[in-house]
Amino acid sequence: MRFTASLVTLSLSAGLLAACGGSASIRQPEPLTPLSRWQLRVEPQLDRIALAVHDSGLSANQRSALASLVARARAEQSSEIVIEIPSGDDPATLQMGWAVSEMLGSSGVPVRTVAYGAPDPRAPVIVGFARLQAVTHDCSRQWESLTRHANNTSYSGLGCATISNMAAQIADPRDIMGQRPMGPSDAGRRTVVIQSYRRGEGTSTHTSSDSTTVSDAVN
């Protein structure tokens, strides 16, 4: 009887240990430092405008809005601009879509036209492109009680404001994803420098002695 009771006790202990091990393996460890908890990252966003359908075609304001959209798409180096035309057989809507496609055709950015389901065939024509945006956080919701320091870990909100401020100041969010490719080298200037070096001449750029300085500026 004692031997059987010992076996039962060992079995229960093994089961409890296995259960504890299983639950611990499922739970992911929390980041220990602010650098591992808060990191710069980007997410896709849509830059779109809605154009009301007019029987007379594109208005001056709509053409100006399309020109601004094209400028933003070029700045973002977007792969394409998508024109969404409401499905239906409304002549004015179809003509509006073709007018937008014709205007954007000379923008240098590829244009793609698709149809979307709308309750009204005179629904707006939607034009837009996908872009990347740096992620910012509402850091006011990340802080916990500052009196809880028994576990000797950093507070969850520490580093949130730093990362959010950096994300808001980065001009091109694509820089977060990796280093930009290097541009082509100036082969002509390199050749001039090498030839001057071989002749024993100076390789620095010559400047005229009578160049305008700050002290020569007109007050």
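The values are calculated or read from the model by the stated rules, or taken from the named source; none is laboratory data. Computed from a predicted model, the values in this text were never measured in an experiment. Methodologically, a virtual Cβ is constructed for each residue, glycine included, from the backbone with ideal geometry; neighbour enumeration extends over all protein chains shown.
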> Checking ALA167 against (1) touching a strand residue (DSSP E or B) at 6+ places or on another chain (Cβ under 9 Å); (2) outside any loop (DSSP other than H, G, I, E, B); (3) exposed (fewer than 13 other Cβ atoms within 10 Å of the Cβ), which test does it fail?
Replying inline: (3)
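Of these, ALA118, ALA130, which one is under 27 Å from GLN169 (Cα atoms) and in contact with a strand residue (DSSP E or B) (Cβ under 8 Å, 6 or more places away or on another chain)?
ALA130
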> For the range 69-82, which residues satisfy the criterion of being exposed (fewer than 12 other Cβ atoms within 10 Å of the Cβ) and hydroxyl-bearing (Ser, Thr, Tyr)?
Replying inline: SER79
>> Looking for something assigned to a strand (DSSP E or B), at pLDDT 90 or above and over 30 Å from CYS160 (Cβ atoms) - is there at least one such residue anywhere in the range 87-104?
In response: no
> What are the residues in the range 118-136 that are farther than 14 Å from LEU94 by Cβ, of a type in the set (A, V, I, L, M, F, W, C) and modelled with pLDDT under 85, if any?
Replying inline: none
>> Yes or no: the range 177-186 includes at least one residue that is over 30 Å from SER204 (Cβ atoms), part of a helix (DSSP H, G or I) and modelled with pLDDT of 80 or more.
In response: yes
> Looking at the range 133-145, which of its residues are assigned to a strand (DSSP E or B) and either among the polar types (S, T, N, Q) or surrounded by fewer than 15 Cβ atoms within 10 Å (Cβ to Cβ) (or both)?
Replying inline: GLN133
>> Just to verify a result, which residue in the range 38-68, among those that are within 19 Å of the chain's Cα centre (by Cα) and over 21 Å from VAL114 (Cα atoms), is surrounded by the fewest Cβ atoms within 10 Å (Cβ to Cβ)?
In response: GLU43
